[in-house]
Structures are given as C-alpha cells and as structure tokens.
Amino acid sequence: MSWLEVFAQVEIHRRTDTCVNQNGFCPDWIVNNFSDRYVDPLFRHLELVLVSVAAGFVIAFALGIVAHRRRWLVGPIVGVTGVLYTIPSVAAFLLLIPITGFGLITAVIALTAYTLLIIFRNVVDGLNATPDEARDAARGMGLTDNQVLWRVEVPLALPEIFAGLRIATTTTVGLAALAFFAGAGGLGGLIFGDLVFKSNVVVAGGLCILMAFALDGLLLIAQRLLTPWVRARQA
Amino acid sequence: MSFEVPAGDICVLVGPSGCGKTTAMRMVNRMVSITAGDILLDGRSVMDRKPHELRREIGYAIQQIGLFPHETVADNIATVPKLLGWPKERIRARVAELLDTASLPQELAGRYPAQLSGGQRQRVGVARAVAADPSIMLMDEPFGAIDPITRDRVQNEFLRLQGQLRKTVVFVTHDIDEAIKMGDRIAVLKQGGVLAQYATPAELLLSPADDFVEDFVGADRALKRLALLRVRDVDLWKAPRVRPGDATAQARAQIAESDLPYPLLIDSDGKPLGWLSERDLAAERVPERADTAATPVLDQDSVLRSALAELLEEDTQYGPVVDARGSVIGVLSVELISQFLASKDTREMDAVERAGVEA
C-alpha cells in the first residue's frame, strides 16, 4: 500500500466522520477498518519476527556450541555480533538494499543480525552454568563429550537460552516496525503512514505491543514446560 | 606407589589434603590421565580401554554428588543403564529396587534433586553409582558433605550393603576415623603421592610404619583400636547367674568364685533381669525382682568403643553381655576395657587382626 493510497483513504473518512476528521480515537472507525487495514500487516509483522528470531537462534546457538568448546572464539564472536548490534537499523536496511534488494530478505537479514549478540551470549553463559560437579559426575559415569553437551549442558542452559530468546523476540517486534523502510511491510508502515491520526497509531502501535506480550508469554510457557526442575526448586 | 586391592574389599586412600589421593583414585577410571605406570583391573590395563566404556563399568560417587538438577531421581539413577542401552522395563525395575536398597521411598522417583534433603541426595548419588551393578566403585569422600550423625548412619548402611554386594571399592577420605571404620585395607599417602603404609586398619593402629603414619593416625590410636574389637572378642567376666527361687546360699557361693560382688538375676531364657543386692539375698530364696536394673545390656556384636560409651552413659562399671537371642554370656567391665588398652601382647594383636577385617 503506497503512502498516497493511505492518504486517500484517510481523506475519504475525514469527509464523513467528525471524530476521524479531528484525527481522534474512534472505536467505530477501528471496528470498520480493522480487518481490511491491519490484519495483513499484522501477519507480515509476525512473519518478520518469527523468521528473524528463528534464524538468529539457529546461527547464535550453533556459534554458542562451537565457542563453548573453543573458548577463544567467544571474544571475537561477541565483538562481531556486538558491532552488528550497534548499527542503527534504518542504516542497516539502507546499506543492504543495494545488495539484497527492496523487500523481506533485506529486513530479515538485518533483524536476524540484531538477535545474534543477545542469544549468543545467553547460550554461552547458559552452557557454562552447568555445575562443575554435575559435569564431573557425567564424565565419570561414562558420558562422551557430546552426551555431556546434549544431555546435561544444553538442558541446564535452557533457562538462560529462553531468557535470551525472550529479550531478542521483544526487541525484534519493536525493530520490525522499521522494516517498512526496507520495503518489507509490517505494522510500521501503518504507524508511519499516518502519524497524526490517533486511531491509526493506537491500533498499529497497540498491535506491536500486544504481539510482544503474546510472544513473550508463549516463550515463558514453553520455558516452564521444558524446564520443570526450575519450578520444582521452590516446591 | 604400588599396591593391590583384593576383589570385594574396601581400599581406603587416606592422607592430608594435597597428597594426591583423589588424583590416584581418578586415574583408575582415567578421569586423570596416566602418564607413567599402569593400573590393572582383573589383570587388564585401563589404558587398553576407551575411557567412556571403562567408566560405565566403574561406579563413580563424589563428595559434591553431582546429581543432574534437571533430571528426576529416577532418571538420575538410570543414567548408566540408559547409556548401556538397557530396555525401559529393566531400567524401571532396577530404579525401584535401588530406591528400596537405599531406604528411599518410591515416591521420590519423580522428584528433582533440589527437593531432596542432603542425606537423600547422598543416597541417590550412591544408588546412581551402583545402578549398572559395577564390580568396582570409586568413591571420593562420598559422605563428606553430610552432618556427622547422618554420616554415621549412612556409613553403617553402606557397610551393611557392602556386606551383601562385595564390590571392590576405592574410597578416598581425609578422615582417619572414617578410613578405619570403612576400610578393609588402608593406604596412607604423604605429600607428593608417596605411599607411607598400606595395611589393614588393625596393623595401622598397632604398628604404624613411620612417624608420619603414627602422627596421622593420631595420639588416640589406642582408643581408636576400641572400634576394631567387638565385645565378643574380649575375655569376658563370668557372671554369677541365679534364677528366681534359687537358694541364696548357692548364690553367695557363686559370688565367691566370680569376679563380681553381686549375682545377676536372669529369667528362664537366660535374659538379664537385674543385679541382686545384699538385701535381696537376705531371704532364703532368691526373689522375683532385683534391686538394681541390669542396664546397660551390651550386645556381643557391638564394637568396644560403643560398649564403653554405653557403660559411661549409665555411669556404671559393668554390664551384662548378651548373645543374639538375648541370653547372658558374660559381663563386660570398664576394668576389662582398660586392661585391653594397656595390653600389648600378641594374643590381643591376633584378636584385633581377626576382628579388624569385620570392623
């Protein structure tokens, strides 16, 4: 949807509705326009977040496993992902557009890059959090290095890994609001399409916030299901 | 350092911190790599084996226990059986059996380590170490982290189990009392991993190899010897035993021949009822009840140290000793114990040798 179209639609409503004409918060208008205007961008936004966080998790987790075995890699990886993290997102989109073009791919690459630092650090910290005696007992009972990793260290790292995923996800929901600069759509296009119209900003912005809460809640539920021992401690 | 551990024995490695006792133990399952020398299990070098395969055949219990916090008690215990690919049904049965053996209630199976008491965790750790029924066990201060009272109980439980299972155990501790209590053989190590003495607990207490061992065993080693001997190993005093209704004249005659000034009243089964006083003997027949209770009644299978403690606690000089059925077989006195402590003759040494293995 181009800026002009948005503008035209707003104009039409302004002629017929005083609330809309005054750029107010208009529940009737929201109900009438919600499914046409907001549902598709909402799903696009969700797609951006899920694909980016999933890709970021796969890459950061793999890097975390490698760096866990070769400690000297932690510094360089934190350095590189840290630099990626500090690049302003709009600048990243603009830098990538000449290479990857205008669209979803560009946005996903940038958003993925932003998740790497957070997830990587939490994976490495989590894997280190295994108590020494549990690791010693595991080896002493005849677990191979791979078995120690997958049966002891990774499960015990789950709380840390989930903590990282939750921060990364919430952050990405926010950052994905800028993805329309890369031509990837999402709720950001709507927000910036009409910053003056309160109804529009409240709905588009509100959907971002709700999505962040919902995804965070889902991750929290998944974490509780996957790490029953953490809660057992208090029982 | 070179020594042999007979199959089915508990060999204790003991010494001051930094003497290398833990390192020596960890070489057995190659948790510490062997750079020179060798360790043979059943005549086969541990160097010929893949470390993880070797380790699955050797039970491993450490002071910090190292239970997996994210696994239930049942899953923790099942660690090695799972690695060995046992069928699920067999694993479940084995876990249930081990919980019983370790005197842990079955409902603990689904709990996580954080929900257990220290003593329970310790037992789960030992249960996990023996889960795949290894013939060899390595134990590094396995009872070090529990309070002294619980430790004493867990030690006794372990010895009782060991009596049935007859594992070959390499047991590391810095506590000489624990070494004497648990060990069939004790290796005393000095700084730098030098073997100062390898002997049975009795030998160690009676003839320390050098000043280091003597010092390490402690100035109270005479007292420690009391933990090696059982009451039945002592030449007990003969008690003047009388039954209710016996003639008092006969009782008086028995006193004259015995080591004790008072006769012991016993029932028809030979169980002690009490000590008879002068007043009790005033009548013609021995009465039904005695003036003084016969406490403490000592078990012939107790070690001398606990028998002495019982006597001191009751503030008395002697107490009747009973056999497994509860019948009086003699009397143990503080005097007998002090004679034992003072004696140095070879007869006593032999008795200690014999008893030491069981103690």
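No value in this document is a laboratory result; all are computed from the given coordinates. For clarity, every value in this text was computed on a predicted model and none was experimentally measured. Methodologically, a virtual Cβ is constructed for each residue, glycine included, from the backbone with ideal geometry; neighbour enumeration extends over all protein chains shown.
Extents of chain B, largest first, come to 81, 51, 32 Å (Cα atoms, principal axes, whole angstrom).
Using 1/(1 + (r/R0)^6) with R0 = 41 angstrom and r between the beta carbons of B:ALA36 and B:GLU157, what's the FRET efficiency to the nearest 0.05? After rounding, the FRET efficiency stands at 0.60.
Loop exposure criterion: GluC sites (Glu not before Pro), DSSP state outside H, G, I, E and B, at most 16 other Cβ atoms within 10 Å. Applied to chain B, the longest stretch between such sites is B:5-277. Computing Rg and the Kirkwood Rh from the Cα coordinates of segment B:1-118 gives a ratio, Rg/Rh, of 1.01. For the cross-link pairs B:LYS21/B:LYS50; B:LYS21/B:LYS88; B:LYS224/B:LYS271; B:LYS190/B:LYS224; B:LYS21/B:LYS181; B:LYS21/B:LYS224, the ones whose C-alpha atoms lie over 27 Å apart are B:LYS21/B:LYS88; B:LYS224/B:LYS271.
The trypsin sites (Lys or Arg not before Pro) of segment A:33-104 that DSSP puts in a loop, and whose beta carbon has at most 12 other beta carbons within 10 Å, are A:ARG70. Just rank A:TRP150, B:TRP86, fewest to most, by other beta-carbon atoms within 10 angstrom. Listed from fewest to most nearby Cβ atoms, that is A:TRP150, B:TRP86.
For segment B:231-342, the Kirkwood estimate of hydrodynamic radius, built from reciprocal distances between every pair of different alpha carbons, is 14.1 Å. Take the Cα of B:LYS88, step 7 Å toward its Cβ, do the same at A:VAL202, and the gap between the two points is 5.5 nm.
Across every pair of non-identical alpha carbons in segment B:66-195, the mean reciprocal distance, once inverted, gives a Kirkwood radius of 15.6 Å. With only the Cα atoms considered, the protein assembly as shown has a convex hull volume of 237 Å³ per residue. Measuring from each cysteine beta-carbon in chain A, the ones with no other cysteine beta-carbon under 4.7 angstrom are A:CYS208. Can you pull a Stokes-Einstein diffusion coefficient for chain A at 10 °C (1.306 mPa s), Rh from Kirkwood over Cα pairs, as a whole number of µm²/s? The estimated diffusion coefficient comes to 80 µm²/s. Each Lys and Arg adds +1 at its Cβ and each Asp and Glu adds -1 at its Cβ; summed about the Cα centre, the protein assembly as shown shows a dipole of about 2260 debye. The Cα center of segment B:29-84 and the Cα center of segment B:218-251 differ in position by 47 Å. Overall, chain B carries a charge dipole of about 1580 debye about its Cα centre when +1 sits on the Cβ of Lys and Arg and -1 on the Cβ of Asp and Glu, all other atoms neutral.
Note on chain A: dipole from Cβ charges, positive end direction compared against A:ASN32, A:SER199, A:PHE180; the farthest Cα belongs to A:PHE180.
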